[in-house]
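Trainee: Attaching a single structure in structure tokens format; questions to follow.
None of the figures in this text is laboratory data; all of them are computed from the coordinates on show. Keep in mind it's a predicted model, so treat the numbers as computed, not measured. Here the Cβ positions follow ideal geometry from the backbone for every residue, glycine too, while neighbour counts run over all protein chains shown.
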Amino acid sequence: MFNMVDLTDKKILITGASSGMGAETARLCSKLGAKIVMAARREEKLIEVEKTLEGSGHKYYVFDLSNVEQIEHFIKQIVSECGALDGFVHSAGIGSTRPLKLLKPNVLKAVMDVNYFSFVEIIRSITKRNCYNSGLSIVGISSIASQQGNQTKTAYSASKAAMDATVRCLAKELHRNKIRVNTVNPALINTDIYQEFLDNSGDSEDAKIIMSRQYMGLGEPIDVSNMIAYLLSDAAKFITGSNIVLDGGRLSS
Amino acid sequence: MTIEEKIELLAETMDIEESELQADTALADLDCWDSMTKLSVIVMFDDEFGKKITSTDIKEFVTVNDILNKME
Ligand SMILES: NC(=O)c1ccc[n+]([C@@H]2O[C@H](COP(=O)([O-])OP(=O)(O)OC[C@H]3O[C@@H](n4cnc5c(N)ncnc54)[C@H](OP(=O)(O)O)[C@@H]3O)[C@@H](O)[C@H]2O)c1
């Protein structure tokens, strides 16, 4: 049978693969034939996820992306051990809910390090000669927070808006090398980050109001992974520089 | 941390005069006790005491004293 989203033997690096959308994307891509290279901090979670992957030849690395300076070396190690990459998904990210008066530079930087600086640094490192195969597809998990403002979400929203702007620039810069770069922009999805959002929302009324606008309800990780797998595949060869919204109707309501 | 230091920190967090924060003051009676202030208190516990408190903990705070007791 014809499979439009065929990822057979594509080597895909997924950061934040230890849980949530990263883990779901790893599972889905493995079902579609890809070899997965996972990176995150929690080894026990990575081992658990690895057990749920289909096929063989997957690998995981324990790495803290806050160490932005060490990313270049880290990518070199991955490429030398696993070979050149066909895809990169940046699912690593941290939520941040802080009123301005508690948003000191070190806090802002901590969010930017994981959500944004590491995204650019990984792209910079994997787009070097011999580190990727022609047709490389890069997908960052941004958020609808890049387009919508909310009190206390300054650091988070800015980090996601930075990702969106970056893919527009890099898509043009890298298309000569047959590299595509996109972000997906989910609304609320049922993962640990969503739980944390509920715990920290201070007043759970806020969460209720948001959910009433997201009229298709809470999204599941697979709703996002399906789009990521498509963007990673050659079926999406005409899509680059885009920020693709997956929001259960929220932005349009 | 002495009680005075705790009140100073809490007043700064809540953006309110220290004199308005008596131990038996009911939080519901403070104009500033809105979702932003509650959030600021959550973040303050994390930053200053390394404690993760949740929206449920916040709901259980009735007086200023309830917050002060948890600040350690
Ligand atoms: N859930 C939502 O409602 C929602 C909506 C829009 C966008 N997003 C975005 O979607 C992405 C995935 O989040 P999720 O919802 O799936 O939540 P999640 O389960 O908490 O996933 C976040 C992942 O990031 C990894 N990570 C965090 N800090 C890291 C660091 N310093 N170094 C390496 N890895 C790190 C975590 O792994 P370790 O802890 O093992 O390191 C974890 O695997 C995030 O970028 C998030 O902003 C989420």
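Trainee: Could you run through the stretch B:58-68 and say how many residues are within 14 Å of another protein chain (Cβ to nearest Cβ) and over 16 Å from A:E196 (Cβ atoms)? Break it down into steps so the answer makes sense when it comes.
Mentor: Step one: of the stretch B:58-68, the residues within 14 Å of another protein chain (Cβ to nearest Cβ) are B:58-61, B:67.
Still in the list and also over 16 Å from A:E196 (Cβ atoms): B:59-61, B:67.
Residues flagged as within 14 Å of another protein chain (Cβ to nearest Cβ) and over 16 Å from A:E196 (Cβ atoms) within the stretch B:58-68 amount to 4.
Trainee: Filter the stretch A:145-185 down to the residues that are part of a loop (DSSP other than H, G, I, E, B) and within 13 Å of the ligand (Cβ to nearest atom), then identify the one that is nearest to A:N106 (Cα to Cα). Walk me through it before giving the result.
Mentor: To start, the set of residues in the stretch A:145-185 that are part of a loop (DSSP other than H, G, I, E, B) comprises A:147-153, A:178-179.
Imposing the further condition that a residue be within 13 Å of the ligand (Cβ to nearest atom) reduces the set to A:147-148, A:150, A:153.
Values: A:Q147: 24, A:Q148: 24, A:N150: 21, A:K153: 16 Å.
Checking each candidate, the answer is A:K153.
Trainee: Can you pull out the residues in the stretch A:228-249 that are part of a helix (DSSP H, G or I) and more than 10 Å from A:V139 (Cα to Cα)? Working first, answer last.
Mentor: First, the residues of the stretch A:228-249 that are part of a helix (DSSP H, G or I): A:228-232, A:234-236.
Matches in the stretch A:228-249: A:Y230, A:D234, A:A235, A:A236.
Residue-by-condition table, conditions (1) in contact (Cβ under 8 Å) with a residue 24 or more places away in the chain; (2) away from chain B (no Cβ under 14 Å):
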| site | (1), (2) |
| --- | --- |
| A:E50 | no, yes |
| A:D64 | no, yes |
| A:V68 | yes, yes |
| A:P99 | yes, no |
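Trainee: Any idea which of (1) in contact with a Phe, Trp or Tyr (Cβ under 6 Å, 6 or more places away or on another chain); (2) within 13 Å of the ligand (Cβ to nearest atom); (3) more than 14 Å from every other protein chain (Cβ to nearest Cβ) is the one A:L85 doesn't satisfy?
Mentor: (2)
Trainee: Could you run through the stretch A:109-129 and say how many residues are of a type in the set (G, A, S) and within 14 Å of the chain's Cα centre (by Cα)?
Mentor: Let us first name the residues in the stretch A:109-129 that are of a type in the set (G, A, S), namely A:110, A:118, A:125.
Still in the running and within 14 Å of the chain's Cα centre (by Cα): A:118.
Of the residues in the stretch A:109-129, 1 are of a type in the set (G, A, S) and within 14 Å of the chain's Cα centre (by Cα).
Trainee: State all residues of the stretch A:35-60 that are more than 10 Å from the ligand (Cβ to nearest atom) and closer than 20 Å to A:I123 by Cα; if no residue qualifies, say none. Walk me through how you get there before you give the answer.
Mentor: Our first condition is that a residue be more than 10 Å from the ligand (Cβ to nearest atom); within the stretch A:35-60, this holds for A:35-37, A:47-48, A:50-60.
Within the stretch A:35-60, A:K35, A:I36, A:V37, A:K59, A:Y60 qualify.
Trainee: Quick one: count up the residues across the stretch B:19-57 that are away from chain A (no Cβ under 14 Å) and more than 19 Å from A:K101 (Cβ to Cβ).
Mentor: Qualifying residue count, the stretch B:19-57: 8.
Trainee: Which of the residues belonging to the stretch B:47-65 are surrounded by 14 or more Cβ atoms within 10 Å (Cβ to Cβ) and not in a helix (DSSP H, G or I)?
Mentor: Within the stretch B:47-65, B:K51, B:I53, B:T54, B:F61, B:T63 meet the criteria.
Trainee: Anything in the stretch A:35-55 that is surrounded by 23 or more Cβ atoms within 10 Å (Cβ to Cβ) and in contact with a helix residue (DSSP H, G or I) (Cβ under 7 Å, 6 or more places away or on another chain)? List them, or say none.
Mentor: Scanning the stretch A:35-55 gives A:I36, A:V37, A:M38, A:A40, A:V49.
Trainee: If you go through the stretch A:14-34, how many residues are within 13 Å of the ligand (Cβ to nearest atom) and crowded, with 24+ Cβ neighbours inside 10 Å? Explain how you work it out, then say what you get.
Mentor: If we filter the stretch A:14-34 for residues that are within 13 Å of the ligand (Cβ to nearest atom), which is where we start, we get A:14-27.
So of that shortlist, the ones also crowded, with 24+ Cβ neighbours inside 10 Å come out as A:14-18, A:21-26.
Qualifying residue count for the region: 11.
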